[in-house]
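Asks: Quick one: structure below, then a few questions.
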Amino acid sequence: MAHVILGLLLLAPQSLYDLIKSFEAGVALFYSASSGSIKRALDGLLDKGLIEVASTEPGGRGKKIYRVTEAGRQEFHRWMTGELSGADLETAALSRLYFLGLLDPTDRVAVLRRIQERTAAHLAQLTALKKRIDTIEVPAEFRDVAVYQRATLDYGISSGQHALTWFGDLADRGEPQAR
């Protein structure tokens, strides 16, 4: 979540309230977060020196506006161009795709290829699991359950095949033009 917040703050300095609204307006398409988790991530970014308070509005509440530091810019770039990590490949891929326009155009295709490679590896794991499962005799009392468990695996494979093709097509097109 910290990297998503860095990306949002690179788009524009924002308050906690603004960040919550930014999550609701777009990031929620691929990443869900509570206001408390956003606040904790903001505090962590502040502690690490990756963001700073740009201004504090006068008044009773003293709303703070946050912005990214140079160290935060470097960390964001490292994350965007680095290996995808975590168990949720779709969230990792879509998080990077959402902010891809913040990178230099020369870095964008390499990020898409990295996503494509990780997707291919994940798809290979699912396909291998399918082959193993196909050799197992399911006891009669579990066959109804197994049908839907297999359908879940089939969905994952189909989704992975689509993602592999989609990210590959995007990378092959090179630098898409803004609409």
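The values are calculated or read from the model by the stated rules, or taken from the named source; none is laboratory data. Everything quoted here is computed from the prediction, not taken from an experiment. We place every Cβ from the backbone using ideal geometry, glycine too, and count neighbours over all the protein chains shown.
Asks: So which helices (runs of 4 or more DSSP H) stay within the range 65-179 end to end and still have 2 or more residues that are acidic (Asp, Glu) and under 30 Å from Leu46 (Cα atoms)? I'd like the intermediate steps shown before the answer.
Replies: On the way: elements: 70-81, 89-99, 105-133, 143-173.
Helices (runs of 4 or more DSSP H) meeting the threshold: 70-81.
Asks: How many residues, within the range 12-22, are part of a helix (DSSP H, G or I) and touching a Ser or Thr at 6+ places or on another chain (Cβ under 8 Å)?
Replies: First, pick out the residues of the range 12-22 that are part of a helix (DSSP H, G or I): 16-22.
With the extra rule that they be touching a Ser or Thr at 6+ places or on another chain (Cβ under 8 Å), the set shrinks to 16, 20.
The qualifying residues number 2.
Asks: If only one of Ile51, Ile65 is at pLDDT 95 or above and surrounded by 13 or more Cβ atoms within 10 Å (Cβ to Cβ), which one is it? Lay out the reasoning, then the answer.
Replies: Working: Ile65 fails: at pLDDT 95 or above.
Answer to the selection: Ile51.
Asks: Another question, if that's okay. Only residues that are in contact (Cβ under 8 Å) with a residue 12 or more places away in the chain and among the polar types (S, T, N, Q): list them for the range 116-135, please.
Replies: The initial filter retains those residues of the range 116-135 that are in contact (Cβ under 8 Å) with a residue 12 or more places away in the chain, namely 116, 118-120, 122-123, 126-127, 129-130, 133.
Passing the criteria: Gln116, Thr119, Thr127.
Asks: Quick one: which residue in Asp104, Asp88, Asp18 is exposed (fewer than 15 other Cβ atoms within 10 Å of the Cβ) and either closer than 30 Å to Leu126 by Cβ or not assigned by TED's automatic domain parsing to the domain that holds Gly168 (or both)?
Replies: Working: Asp104 fails: either closer than 30 Å to Leu126 by Cβ or not assigned by TED's automatic domain parsing to the domain that holds Gly168 (or both); Asp18 fails: exposed (fewer than 15 other Cβ atoms within 10 Å of the Cβ).
When all the criteria are applied, what remains is Asp88.
Asks: Further question: Does any residue of the range 40-54 turn out to be more than 12 Å from the chain's Cα centre (by Cα), over 20 Å from Ala71 (Cα atoms) and free of Cβ contacts under 8 Å to residues at least 60 places away in the same chain?
Replies: Taking the range 40-54 as the starting set, the residues that turn out to be more than 12 Å from the chain's Cα centre (by Cα) are 40-54.
When the remaining residues are screened for being over 20 Å from Ala71 (Cα atoms), the result is none.
No, the range 40-54 contains no residue that is more than 12 Å from the chain's Cα centre (by Cα), over 20 Å from Ala71 (Cα atoms) and free of Cβ contacts under 8 Å to residues at least 60 places away in the same chain.
Asks: How about the range 151-179: which of its residues are surrounded by 15 or more Cβ atoms within 10 Å (Cβ to Cβ) and over 20 Å from Glu90 (Cα atoms)?
Replies: Within the range 151-179, none qualify.
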